[in-house]
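Below you'll find the structure, written out as structure tokens, and then a few comments.
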Amino acid sequence: MDVILKTNDLTKKYDDRIVVDNLNLEIRKGEVFGLLGPNGAGKSTTMNMICNIIKPTLGSVEFMGKDLKKNSKDLMKHLGFIPQDLAIHNKLKAWENVELFTSLYGIKGADLKKAIDESLDYVGLLERRNDYAGTFSGGMKRRLNIACAIGHHPDLLIFDEPTVGIDPQSRNFILDKIKESNRNGATVIYTSHYMEEVEAICTRIAIMDNGKIIATGTSEELKKLVVDDTDSITLEEVFLTLTGKKLRDI
Ligand SMILES: Nc1ncnc2c1ncn2[C@@H]1O[C@H](COP(=O)(O)OP(=O)(O)OP(=O)(O)O)[C@@H](O)[C@H]1O
Ligand SMILES: [Mg+2]
């Protein structure tokens, strides 16, 4: 079992408040790893530290066997991050958005043109390539956000709540694309507070609450922590039992 990414005692404090607390995660090559937790659990802070966007207070990230901070120039081109807050520019056309992000990875000329069209095609926006991102619906913006992160063919794709606030059709489209990327060889980290999404696409799941990982395993393994008959319980109920909290207010 190859480990593609590992966090070593990863910790983030804001003033005296610990929002990510000594995280030791191991992501295996080829898996779809789900990070499931309620609002404020520390999921985005963790993903932002893993992607070298936020500086950890303590601890480190090892990616492809190397320290991410010390080798960020080499390693960042193997990583694609789809942030929770849309990173796209409304005043740029769809293709210009993808060009902006893809060119950051040193892709140029004919390769860049090809990568732009492939990425837009992948998320079903090729026909809208010349439209301004500002004219897109919420679901289309989410899809463009994904196109911006995949043009350089990363080995690890990190999705931070990519389906929030969009219709079920766009949501299913995005989930299908994540599965397709995984089948094509990418390892995936998928962050969400939607239990049913995590259960549908993730091979292993970590439950996070108050900056800590409460439990890690397959959906079946997590259910087994609580009951013998795993058909009698949902992951949502497992979460409630382990943390005393609801995953989200319905
Ligand atoms: N820049 C910051 N300064 C102070 N506190 C912060 C900062 N960023 C995040 N926090 C706090 O850290 C905690 C974790 O936030 P984070 O955004 O990582 O949670 P999350 O699990 O991604 O939640 P959500 O599901 O709502 O996206 C929250 O209590 C948040 O208020
Ligand atoms: Mg978040």
(request) Report the percentage of all Cα-Cα pairs in segment 177-249 whose separation exceeds 19 Å, rounded to a whole percent. (result) 34 percent
(request) Before rounding to the nearest 500, sum -39500 (n - 2.57) across all DSSP H runs of length at least 4 in the chain and divide by the residue total; then give [θ] at 222 nm in deg cm²/dmol. (result) -10000 deg cm²/dmol
(request) Output the direction-averaged projected area (hull surface divided by four) of the convex hull of the alpha-carbon atoms of the chain, in nm². (result) 14.1 nm²
(message) Running a GNM on the chain with Cα contacts under 10 Å, which residue among Gly185, Gly106, Gly217 ends up with the highest mean-square fluctuation?
(response) Gly106
(request) Place a +1 charge on the Cβ of each Lys and Arg in segment 1-136 and a -1 charge on the Cβ of each Asp and Glu, then give the dipole magnitude about the Cα centre in debye, rounded to the nearest 20. (result) 300 debye
(request) With no solvent and one equal point scatterer per Cα, compute the Debye intensity ratio I(q)/I(0) for segment 59-129 at 0.14, 0.23 Å⁻¹ and report its log10, rounded to two decimals. (result) -0.54, -1.06
(request) Provide the net charge surrounding Ser232, with neighbours chosen by a C-beta distance below 14 Å and charges set as Lys +1, Arg +1, Asp -1, Glu -1. (result) -4
(request) Kindly put Lys69, Lys177 in sequence by how many other C-beta atoms sit within 10 Å of each C-beta, fewest to most. (result) Lys69, Lys177
(message) Roughly how far apart, in whole Å, are the Cα centres of segment 102-181 and segment 10-62?
(response) 24 Å
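Taken together, the values in this text are just the output of simple stated rules run on the coordinates, not laboratory data. All of these numbers come straight from a predicted model, not from anything done at the bench. Using ideal geometry, Cβ is built from the backbone for each residue, glycine included, and neighbour counts are taken over all protein chains shown.
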